1. I'd like to know if region C:118-126 contains one or more residues that are within 16 Å of ligand 4 (Cβ to nearest atom) and either more than 24 Å from C:VAL203 (Cβ to Cβ) or touching a residue at least 60 places away in the same chain (Cβ under 8 Å) (or both).
2. Taking A:ALA18 as the residue in question, decide whether it is over 21 Å from the mean Cα position of the chain (by Cα), of a type in the set (A, V, I, L, M) and not in a loop (DSSP other than H, G, I, E, B).
3. I need a count of the residues in region B:219-274 that are within 15 Å of ligand 2 (Cβ to nearest atom), closer than 21 Å to D:PRO278 by Cβ and among the small types (Gly, Ala, Ser).
4. Pairs only if they're at least six apart or on different chains, beta carbon under 7 angstrom, first in region B:226-237 and among the polar types (S, T, N, Q), second within 13 Å of ligand 2 (Cβ to nearest atom); list them, first residue then second.
5. Which of the strands (runs of 3 or more DSSP E) found entirely inside region A:29-74 contain at least 1 residues meeting this: within 12 Å of another protein chain (Cβ to nearest Cβ)?
6. Please give the number of the condition B:LEU92 fails out of (1) modelled with pLDDT of 95 or more; (2) under 13 Å from the mean Cα position of the chain (by Cα).
7. I need the full set of residues from region B:186-198 which are in contact (Cβ under 8 Å) with a residue 40 or more places away in the chain and either outside any strand (DSSP E or B) or more than 16 Å from B:GLY120 (Cα to Cα) (or both), in order please.
Amino acid sequence: MECSRNSITSRPGHYRAAVVENRLLSRRYYLLVLSRPGAMQDPGPGTFIHVMVPAGDRFYLRRPFSVLDCDADTISLIIVEKGEGTRAMRALPVGAELDLIGPLGHSFPRVPGQRVLALGGGVGLAPLYYYGRRREVRDCESYRLLYGARTREDLFLERFDWDTEAVTFSSDDGSYGHAGTVVALAEREIERWGADVIFSCGPNPMLKAAAEFATRRGLPHYVSLENRMACALGACRSCVVPVRENGGIAYRTVCNDGPVFDADTLAWEGLPAA
Amino acid sequence: MECSRNSITSRPGHYRAAVVENRLLSRRYYLLVLSRPGAMQDPGPGTFIHVMVPAGDRFYLRRPFSVLDCDADTISLIIVEKGEGTRAMRALPVGAELDLIGPLGHSFPRVPGQRVLALGGGVGLAPLYYYGRRREVRDCESYRLLYGARTREDLFLERFDWDTEAVTFSSDDGSYGHAGTVVALAEREIERWGADVIFSCGPNPMLKAAAEFATRRGLPHYVSLENRMACALGACRSCVVPVRENGGIAYRTVCNDGPVFDADTLAWEGLPAA
Amino acid sequence: MNRKTRTDSTVRIGPVTFKNPVFIASGICGYGEEYSPLIRIEDLGGVVTKTITLRPRLGNPPPRIHEIPTGALNSIGLENVGLDNYITDKLPRLRDRGVGVIVSIAAELAEEFVEFAEKLAPLDGYQGVELNLSCPNIDEEALDHGRNPEFVEEITRIVKTRLPERALLVKITPNVTDIAAVARAAEAGGADGISAVNTIVGVDFDLDSGQPIFDRGSGGYSGPGILPIALQKVWEVAQAVSIPIMGIGGISSIEDARKFFIAGASAIQVGTALFVDPELTMNIVSAFDDRPEWMRRGPF
Amino acid sequence: MNRKTRTDSTVRIGPVTFKNPVFIASGICGYGEEYSPLIRIEDLGGVVTKTITLRPRLGNPPPRIHEIPTGALNSIGLENVGLDNYITDKLPRLRDRGVGVIVSIAAELAEEFVEFAEKLAPLDGYQGVELNLSCPNIDEEALDHGRNPEFVEEITRIVKTRLPERALLVKITPNVTDIAAVARAAEAGGADGISAVNTIVGVDFDLDSGQPIFDRGSGGYSGPGILPIALQKVWEVAQAVSIPIMGIGGISSIEDARKFFIAGASAIQVGTALFVDPELTMNIVSAFDDRPEWMRRGPF
Ligand SMILES: Cc1cc2nc3c(=O)[nH]c(=O)nc-3n(C[C@H](O)[C@H](O)[C@H](O)COP(=O)(O)OP(=O)(O)OC[C@H]3O[C@@H](n4cnc5c(N)ncnc54)[C@H](O)[C@@H]3O)c2cc1C
Ligand SMILES: Cc1cc2nc3c(=O)[nH]c(=O)nc-3n(C[C@H](O)[C@H](O)[C@H](O)COP(=O)(O)OP(=O)(O)OC[C@H]3O[C@@H](n4cnc5c(N)ncnc54)[C@H](O)[C@@H]3O)c2cc1C
Ligand SMILES: Cc1cc2nc3c(=O)[nH]c(=O)nc-3n(C[C@H](O)[C@H](O)[C@H](O)COP(=O)(O)O)c2cc1C
Ligand SMILES: Cc1cc2nc3c(=O)[nH]c(=O)nc-3n(C[C@H](O)[C@H](O)[C@H](O)COP(=O)(O)O)c2cc1C
Ligand code: FES
Ligand code: FES
C-alpha cells in the first residue's frame, strides 16, 4: 500500500529452481544463484522469494529472501548463514532443486529525475544492489549506493560484481572504507552527491538511524523491512508491522503491503529491536 | 531369562563407530560394516546393537539390528531397507560415524555335542550366520544353516561370503535352491542331516511354522524375535512378548530377556503377525 | 477431470453439499482469495475465512509467528476487518467464483451472535458458518467460552435457528478435559457439524531475555506436533456425536488426512502445512477423487 | 569434579535436598538400575522409578511403543512388579549406591494410598515419592482421578502425613482444562512439589487396517512434540503454587531444559529423549554445574 504507487505488484507463482552456483563470499555470507523459472514474473527490486528449507524431515516454515539480481536465466540471492534454514541452503550442491514461491511483495518505487541515496547494511544489500542494476535506475537522476558491513571481509570486495564507481563502502571496524556506520557515511556522502530520496535496507537499528537522518534532512525515505513470515501472501497476518494511522496504530503486512514502506508511516517504536 | 543358561550376558556400552563398508547385496538388502569400538564387549551370536538414526532433525527412536559378524576390527550388519531409518543408514558414506549401544540381549545357547538345524528367513539370517562363524559352533556336533528368501536375488549368492558347504538355500519363487519356504526345506534336510535342536530367526509367520515343525519332531527350538523397542535395556517395557507362565501369560522383553527365546515358552497367539 | 460432475467425494454437512471434503482452515487463507495466485480454490471443498468479530480487531503486536521443530506457535490475536467490512469488501469477491465459503465468526455474548446471524442471514456467497469458540489467542477470557457446554449449546441454537439453510459448524477447543461434552452440546444446539480442533495452548521462551517469545506469553500450537492429539480429539468426538466432523490439526500429508477419516471425520481442514506446501489441499483432493474408499471410517 | 561438594546446583524439595535438579522420569529407567551400564546415575539429582501399584500389573499387550516424527506414543499400561516385589527386589539394589530415588506410586482408592504410605514409611533407600495421578494409559477410569482437585488434595494429605520426611511430589496430567486447580489442590494437601507433565493422550492409526496402532486405542504422547504444551502447563502451575515444580515433557537438549527453569520449574525430568541420547541427563547436569544461573526463573 504505502509503496504501491510506483512499484509493480507481484504475481507470485510456485516453482522449482535448480542451484546454478552456491559460493561463499565471506565466512558468513554466500551467493546462491538459481535457474530462473521460465514462467516467473520479472521480480521488481525489493521483492522477495519464499523458499522451502531443503533439509529436513522436521517442520520448517519457508524462508524469505530478497532478490539480489535476476536475468533471463538466473535469479540470485545473497544469504547470511543465520540458523538451520540458511545452513541447509548453504549446503545445497549445484544442480539441487529448491522449491520457491515468488516474486512477492512490493518493490522500491520508481523515482524519475531524482537523486537516490541508498543505504544498505549486511544482507540488506540485496534489493538496493538490484535496484542499481535495473531499468528503474535509468529514471533516476543519480543512484548512489552506500554499503556497510561489520568488517572488510563482509564487504567481499574481490568476490562480488561491484560497480565500484557507484558504491561507497563503510565498515564498523574501519578495516575498509569509511570507519563507522553506513548512516554516518551517508552524512558525509550526501554533501558530495546530494539526494532527493533515501532508500534503506538492513538491520532495524540501522533503518531507524537512517529514518532519523532522512527526517533531519527533510527527505522522503523508503525502507525495506524484515519480519517472521508464514504464508507470505498477506493471508495469515503473521508478519505485520505497526504504522501510524488516524492518530493510532494499524498493522501492515511486510509480505504484501511491504516489504518496502514509506518510512514516515512506520511506528518505529513498535518494530522489533533486531 | 529363557536362554540365559548357556548364553553370555551382554554388557552394553555406548559407542561411535565409523562406516567401513556400505554395499548393496540386492535391491532391498545391504551390508553395513562398521569399525568395531575398541572397548566393546565381544558380541554373542544373537545379540544386537541399537543404532541412532543418522538422519535427521526429526525425532527417531534407535533401531535394533542383530550382529551378522564381528572380528577384532569390524562389526557387520545385514539390513533390509524398510522405512526411513534403514534408508538413512543405507545412505551413509564410508567414514561417516554411527552412534550405537551394544552389544545387547542374549545370544543363542551353546549346545555341546548337538546337531543344530538353523532356519533363517530374510534378515533373520544375521544371528544364525554369525553363530556358524563363532567358536560356539565348534561345540556342536554339526551346524547346518538353511536360508530362505523371496527370490534368488535376495540370496545374494555372488555378493556374500557363504560357506556353501554348510548352507542350503530356498526361495519362495523357486528361482534358486529349494522352491518353497525354508521350513519346507527343513522337512527335507532334517532327513539328510538329522537334528537335535532347532534355531530360527525370521518373520513371525516363518518362526511359527518352524515352531510347529520342531514340536512335531519333538525337538527343542530356540527362536530369535523382533519387536518395537525404545530403551533396549529392559527399562521401559516397550518390547514385551507374551510367554506362558503358571497357566497364564507373563510378558518378557525382547531386548533383555531375549531376543532369543525357548520357543516352547512363547504364547505364539499373542505375537504380532508381522 | 471435472470434479463437479463427480459425486463420490462430495460431502454433506447439514443442508449443504460440498464438492469434496478438503478445506483450508480459518486463519490460513485470509478472506479466501489470498492463495488464489497459487492454487485453484474453486477445486476445494471450500475455504474457511479468517475469523471475524463484529467490530474490527487490531490483533496482537509482532512477533506473531514462531517456528519450532514440531510446528508453529502463533499469536495473531484475531486481527480482522470486522463484520461490516467483511460483508462489503471480502465476501463479494468470492461470490461469483464457485468457491465453497465457510464464514468463521467469534463473539462474546449471546446478543452478539444474534446480530451476527441476522446480518449474515440475507446474504449470499457463502454456504456455511463456523463458530470459532476456541481461539486461545486473545485477551478476553469470555472469548474462550468454548469450554462451557451450556453456552455452546445456547449460541449454537441462536445461530442455527437464524441460518437454517447454511451448514453450521462449531469449532471446538482441544484445551479442555472433556471435548465430547462440548461436542454433544453443539449437537444438541443444532450444529450441522463439529470442527476439531483449534490450536493447542503452548509457549516458548527466549533464552537470552527469559521472556516468552510473544508479548502475550502463550500462543496457539499448530502443525505436525499436534497431529496425534487432534486425531484423539476427533476420535473422541466421533464416538460422542452423530453429526459430521471436520478433522483439523497437523495434517501435512495425504496419509495424515486419511487418518482423520479413520478416526471418524467426514471432511478435513488443512492449516499450517499450507504455508509450506501450498499444493497440499489440491493433492489431497486428487487422492480422494481417485480413492474415495479412503474416506471410510475405521476399522475396515 | 566431585559434584557432591558443590552446592550451587542442589535443589531442595520439601524436606529433601537433591544433588542437582536433573532426574530421569518415571517409566524410562525401570526400577533405577537399568541405565547403569551406560550412565552414572549417582551423578543425577535422582531417578524416578517406574510407577508401582499395590499388586503387580501385567500391562497392555504389544505393540506398546509407536514412533511418530514428533515423538512417541506409548501404551505400556503400567506394567509393574507391584509394591511387595519392589520392596524386596528393586529398592534395595539402589540403597548403597548413593542414588537419589523417587518412588512413583499409583492407586485407585484412598485406602490404597494409606497402605502404600504405611508400607513405604519405615523403609530407607529412597528420598521421595511421586504420586502418579495422571497415567492416561490404563483401563480403570479411576486411575485417572488426577483430574479431580478434591481427590488430589485428599490423597496428597494421606500420603504426606505418613511420610513427613520424604519429598512428596504430585505428578499431574496435562489432559485437563485447568491444571492450576489440580496443582493448587496438591499444594493444599501438603505436596512438597509438583511434577508436570505426564504424557498427553493421543492416538495413531494403521492405514491398512483402519485400526488404532495400540490394542487399547489411545496412548500417551511424549517427546519433542509436547514441549510447548509442557512448558505452558509448567508456566501455569508456577503462577498458581509456590512449591517447587519438576518440569517434564519433550526435553531433548540443554536448551529445552533451560526453558523449564525460565517457566518456573526448579528441577526437570527427562523422558523419551533418554532412549535416543542416554547421556542427555549427564550433559544437562554438567551444563547446570557450569552455569548455575541457567536455573533462574524468567524473565531475567
Ligand atoms: C522480505 C525479507 C527479505 C529478506 N532478505 C534476505 C536476504 O536477502 N538475505 C538474507 O540472508 N536474509 C534475508 N532475510 C532474512 C531471512 O529470511 C532470515 O535470515 C532467514 O529466514 C533465517 O532463517 P534460518 O533458518 O537460517 O534462521 P532461524 O533463526 O533458525 O529461523 C527461525 C525462524 O525465524 C525466521 N527468521 C529468523 N530471522 C528472520 C529475519 N531476519 N526475517 C524474517 N524471518 C526470520 C525464519 O524464517 C524461521 O521461520 C529477509 C527477510 C525478509 C522478511
Ligand atoms: C533384536 C532385533 C534384531 C534385528 N535385526 C535386524 C537385522 O539384522 N537386519 C534388519 O534389517 N533388521 C533387523 N531388525 C529389524 C529392524 O530393527 C527394523 O527393520 C528397523 O527398525 C526398521 O526401521 P525403519 O526406520 O527402516 O522402519 P520404520 O518402519 O520407519 O520404523 C518405524 C519404527 O518401527 C520400528 N520397527 C519397524 N520394524 C521393526 C522390526 N521388525 N523390529 C523392531 N522394530 C521395528 C523402528 O525401529 C521404528 O521405531 C531387528 C529387530 C530386532 C528387534
Ligand atoms: C496463523 C494462524 C492463524 C489462525 N487463525 C485462526 C482463526 O482466525 N480462527 C480459527 O478458528 N482458527 C485459526 N487458526 C487455527 C487453524 O484454523 C487450525 O485449527 C489449527 O492451526 C490446527 O491446524 P493445523 O495444525 O493444520 O494448522 C489459526 C492458525 C494459524 C496457524
Ligand atoms: C515408555 C514410557 C513409560 C512411561 N511410564 C510412566 C510411568 O510409569 N509413570 C509415570 O508417571 N510416567 C510415565 N511415563 C511418562 C514420563 O514419565 C513423562 O512424564 C512423559 O514421557 C513426558 O516426558 P518426555 O516427553 O520427556 O518423555 C512414561 C513415558 C514413557 C515414554
Ligand atoms: S506472512 Fe502471512 S500475512 Fe505476511
Ligand atoms: S525396549 Fe525398553 S524394555 Fe525392551
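The values are calculated or read from the model by the stated rules, or taken from the named source; none is laboratory data. A quick note: this is a predicted structure, and the numbers were derived from the prediction, not measured. FYI the Cβ positions are ideal-geometry reconstructions off the backbone, even for glycines, and counts take in every protein chain you see.
1. No, region C:118-126 contains no residue that is within 16 Å of ligand 4 (Cβ to nearest atom) and either more than 24 Å from C:VAL203 (Cβ to Cβ) or touching a residue at least 60 places away in the same chain (Cβ under 8 Å) (or both).
2. Numbers: over 21 Å from the mean Cα position of the chain (by Cα): yes; of a type in the set (A, V, I, L, M): yes; not in a loop (DSSP other than H, G, I, E, B): yes.
Taking the combined requirement at face value, the residue satisfies it.
3. 5
4. B:ASN227/B:CYS239; B:ASN227/B:VAL241; B:ASN227/B:VAL254; B:ASN227/D:PRO62
5. Working: elements: A:29-35, A:48-51, A:63-66.
Those strands (runs of 3 or more DSSP E) span A:48-51, A:63-66.
6. Here B:LEU92 meets the rest and fails (2).
7. Filtering region B:186-198 down to residues in contact (Cβ under 8 Å) with a residue 40 or more places away in the chain leaves B:186, B:189-190, B:193-198.
Once the filter is applied, which keeps residues that are in contact (Cβ under 8 Å) with a residue 40 or more places away in the chain and either outside any strand (DSSP E or B) or more than 16 Å from B:GLY120 (Cα to Cα) (or both), region B:186-198 yields B:ALA186, B:GLU189, B:ILE190, B:TRP193, B:GLY194, B:ALA195, B:ASP196.
Residue-wise test of (1) within 16 Å of ligand 2 (Cβ to nearest atom); (2) surrounded by fewer than 24 Cβ atoms within 10 Å (Cβ to Cβ); (3) more than 19 Å from the chain's Cα centre (by Cα).
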residue	(1), (2), (3)
D:THR10	no, yes, no
D:ILE13	no, no, no
D:GLU34	no, yes, no
D:VAL48	no, no, no
D:LEU54	no, yes, no
D:ILE65	yes, no, no
D:LEU73	yes, no, no
